[in-house]
Amino acid sequence: MGLDTSLHGQIPEYNSPGYYWIEYQVTSIVGAALRWFFLNSNINDKFKSTLEKTYFLHQNYPNPFNSKTDIQFKISKRNRVVLKIYNVLGREVCELTDKIYQPGIHQINWDASDFSSGIYFYHFKAGEFKSVKKMVLLR
C-alpha cells in the first residue's frame, strides 16, 4: 500500500480489476457500476434521440457574417417556434419569430445591419426542444 502524491486529488480510472489503493477502490467500483448502468440502460438516449429526430437547429450560415445571416431549423410536427437573438450579456436584442410552423425545414434571415460587431446567441424553442447556438457578427 502506498500513497502517490502526484495524483493532485484526481481519481485514476482502472480498466481491469487489480490491486490499488483502498480509497480509490471503492470509488472505482461505484463508478464502474454507475457507468455500466448508464451505458447499458439507454434511459437518457431514448428521450434525447426522440427529440433530435423531431427538431433540429442548424448553425447559422455564414458564420461569422457581415450584416446578414440565415438560420435554418427542422420540425417534424406542427408546433409553435420561438427564435430570439441575445447579446453576450444575455439581453434579448431581437425576436425573429414567434408563430406556428408546419412540419419541414424552415429558414429565417437575420439582418443585423443595425447591430454592432460581437458575439450573439440565438435561442430556438419548439415544444419541449430548446437549443442555443453562437454566432459572430463582424464589420
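The table below lists the values:
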quantity: Scan of the range 74-85 for residues that are surrounded by 17 or more Cβ atoms within 10 Å (Cβ to Cβ) and farther than 12 Å from GLN102 by Cα, ordered by number; calculated: LEU83, LYS84, ILE85
quantity: Selection count, the range 52-73, where residues are assigned to a strand (DSSP E or B), under 18 Å from THR97 (Cβ atoms) and either at pLDDT 95 or above or of a type in the set (A, V, I, L, M) (or both); calculated: 8
quantity: Within the range 81-139, tally of residues that are within 14 Å of HIS58 (Cβ to Cβ) and hydroxyl-bearing (Ser, Thr, Tyr); calculated: 2
quantity: Output for the range 98-117, where each listed residue is farther than 27 Å from ARG78 by Cβ and of a type in the set (A, V, I, L, M, F, W, C); calculated: ALA112, PHE115
quantity: Qualifying residue in the range 88-101 (condition: surrounded by fewer than 15 Cβ atoms within 10 Å (Cβ to Cβ) and modelled with pLDDT under 60); calculated: no
quantity: Residue pairs meeting the criteria (Cβ under 9 Å; at least 6 apart or on separate chains; first of a type in the set (Gly, Ala, Ser), in the range 82-96; second in a strand (DSSP E or B)); calculated: GLY90/PHE121
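The values are calculated or read from the model by the stated rules, or taken from the named source; none is laboratory data. Treat the numbers as computed from the prediction; the structure is a model and nothing was measured. So basically every Cβ, Gly included, is an ideal-geometry build from the backbone, and we count neighbours across all protein chains shown.
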